[in-house]
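Below is one structure, written out as structure tokens, with a few remarks after it.
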Amino acid sequence: MANQRVHLFVTGKVQGVFFRQALKVMAKKNNVSGWVRNLKDGRVETVIEGEDLNVSHVVEWCHAGPANARVEDVEIRNEKFTGEFSKFDVLY
């Protein structure tokens, strides 16, 4: 399988609803690496790397998020895979 890297910006009610922690669980479950953080403008930003199918599962999850989230939009930027991450981190 090919590897993929995506850079996402998630808009909506995505802060204060455990989005980052739930995304970390999904990332681990799908064997992808990268990071996630809150932005000052209320969005969540994440970079995800891994096998195509695994990354696709996590991106699909980001369109809904955890139970209390209300995702309005997911901006997806495809980037060159680097393999620079060994795990998935929540940044503060």
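Okay, here's what the table says:
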read-out	value
Tally, over the range 25-60, of residues that are of a type in the set (A, V, I, L, M, F, W, C) and assigned to a loop (DSSP other than H, G, I, E, B)	2
Verdict on Phe9 being touching a strand residue (DSSP E or B) at 6+ places or on another chain (Cβ under 9 Å), part of a loop (DSSP other than H, G, I, E, B) and touching a residue at least 60 places away in the same chain (Cβ under 8 Å)	no
Whichever residue in the range 57-92 is small (Gly, Ala, Ser) and surrounded by 15 or more Cβ atoms within 10 Å (Cβ to Cβ) and, among such residues, is nearest to Leu23 (Cα to Cα)	Gly65
Qualifying residue in the range 61-75 (condition: part of a helix (DSSP H, G or I), of a type outside the set (D, E, K, R) and in contact (Cβ under 8 Å) with a residue 40 or more places away in the chain)	yes
Pair list, Cβ < 6 Å and 6+ apart or interchain, from the range 29-42 residues that are among the aliphatic types (A, V, I, L, M) to residues that are surrounded by fewer than 19 Cβ atoms within 10 Å (Cβ to Cβ) and in a loop (DSSP other than H, G, I, E, B)	none
Hits in the range 25-41 - residues which are surrounded by fewer than 18 Cβ atoms within 10 Å (Cβ to Cβ) and not aliphatic (A, V, I, L, M)	Lys28, Lys29, Asn31, Arg37, Asn38, Lys40, Asp41
So Ala22, is it assigned to a loop (DSSP other than H, G, I, E, B) and either crowded, with 17+ Cβ neighbours inside 10 Å or among the aliphatic types (A, V, I, L, M) (or both)	no
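Rule-based calculations on the coordinates, nothing more; no lab input. The model shown is predicted, which means the values in this text are computed figures rather than measured ones. Counting neighbours? That spans all protein chains shown, and the Cβs are built from the backbone with ideal geometry, glycine included.
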